Amino acid sequence: MACDKLKVKNDPPEADIVVIDDTDLGFRKESHRIFWPSSISTSDIKPWVVLKTRGRRIAQGDLWQHLRSRLDSRLIVVTTIADIRLAGGDVSRGLSWERTARALAGEILHNPRINALSSCAYTAISFGPAGAILLANSDAVSNDGRSSPVKLFFDPELIEDTKPTMPRAGYTSALTAAICMQVLRKPEQLDVNRRITIARRRSLASAQACFEAS
């Protein structure tokens, strides 16, 4: 049957990490719950979940509500500043990195269109090859004991959209993959700052290699 082809194969209920790429094409609906990985839908195990999401309805839908209610303390969201704006986030372009970080943190805390993001453990927002901003909720910061709720990683020679010739395709996927790799290496000892730093470096290197080969 066609539906069987859409199910996760070799789907372990005890997975350490679940990675979901949700582009709001139907997978997040309750009617598609049969296709959700068993470790987040039927198992009592609580894996780390890395959710790469985009579109006008980030942090919305049945899948989001399920993850938020059951796994919010182990949920890492990866998205882009373009998708934050598309979803209704009011973050101006051309600001300094520090002002951008403050504006973004304020939007995620107070803008009802996207403030559901503040309930997950960590949210990583990509600015393409120029940088990334990491936001951690208060519980994650308290448990870590060292982290700031907002972390900024950027190329000091760039601001957003100042390098239009640099390819963007695949950058957020590379960022997501790097985070996943770090979670798998030390699933119970999160050093998110190190993780995002590694992700940014490797993703930027990949983008530059792609550009030079084109």
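The values are calculated or read from the model by the stated rules, or taken from the named source; none is laboratory data. Since the model is a prediction, treat every value here as computed from it, not as a measurement. As a convention, Cβ positions derive from the backbone with ideal geometry for all residues, glycine included, and neighbour counts pool all protein chains shown.
Name the one entry in L75, L86, L63 that is hydrophobic (A, V, I, L, M, F, W, C), modelled with pLDDT of 90 or more and closer than 15 Å to L135 by Cβ.
Selected residue: L75, the only one of L75, L86, L63 that is hydrophobic (A, V, I, L, M, F, W, C), modelled with pLDDT of 90 or more and closer than 15 Å to L135 by Cβ.
Could you tell me which numbered condition L95 fails, if it satisfies all but one of (1) touching a Cys at 6+ places or on another chain (Cβ under 6 Å); (2) modelled with pLDDT under 90; (3) of a type in the set (A, V, I, L, M)?
Going through the list (1) touching a Cys at 6+ places or on another chain (Cβ under 6 Å); (2) modelled with pLDDT under 90; (3) of a type in the set (A, V, I, L, M), L95 breaks only (1).
For region 25-83, which positions are in contact with a His (Cβ under 8 Å, 6 or more places away or on another chain) and among the small types (G, A, S)?
Once the filter is applied, which keeps residues that are in contact with a His (Cβ under 8 Å, 6 or more places away or on another chain) and among the small types (G, A, S), region 25-83 yields G26, S41.
Do any helices (runs of 4 or more DSSP H) lying entirely in region 1-71 carry at least 3 residues that are free of Cβ contacts under 8 Å to residues at least 40 places away in the same chain and exposed (fewer than 13 other Cβ atoms within 10 Å of the Cβ), and which ones are they?
Result: 2-6.
Going through region 78-129 one residue at a time, which ones are part of a loop (DSSP other than H, G, I, E, B) and in contact with a strand residue (DSSP E or B) (Cβ under 6 Å, 6 or more places away or on another chain)?
Within region 78-129, C120, A121 meet the criteria.
When the residues of region 32-41 are narrowed to those that are in contact with an Asp or Glu (Cβ under 8 Å, 6 or more places away or on another chain) and among the polar types (S, T, N, Q), which ends up farthest from S73 (Cα to Cα)?
My answer is S38.
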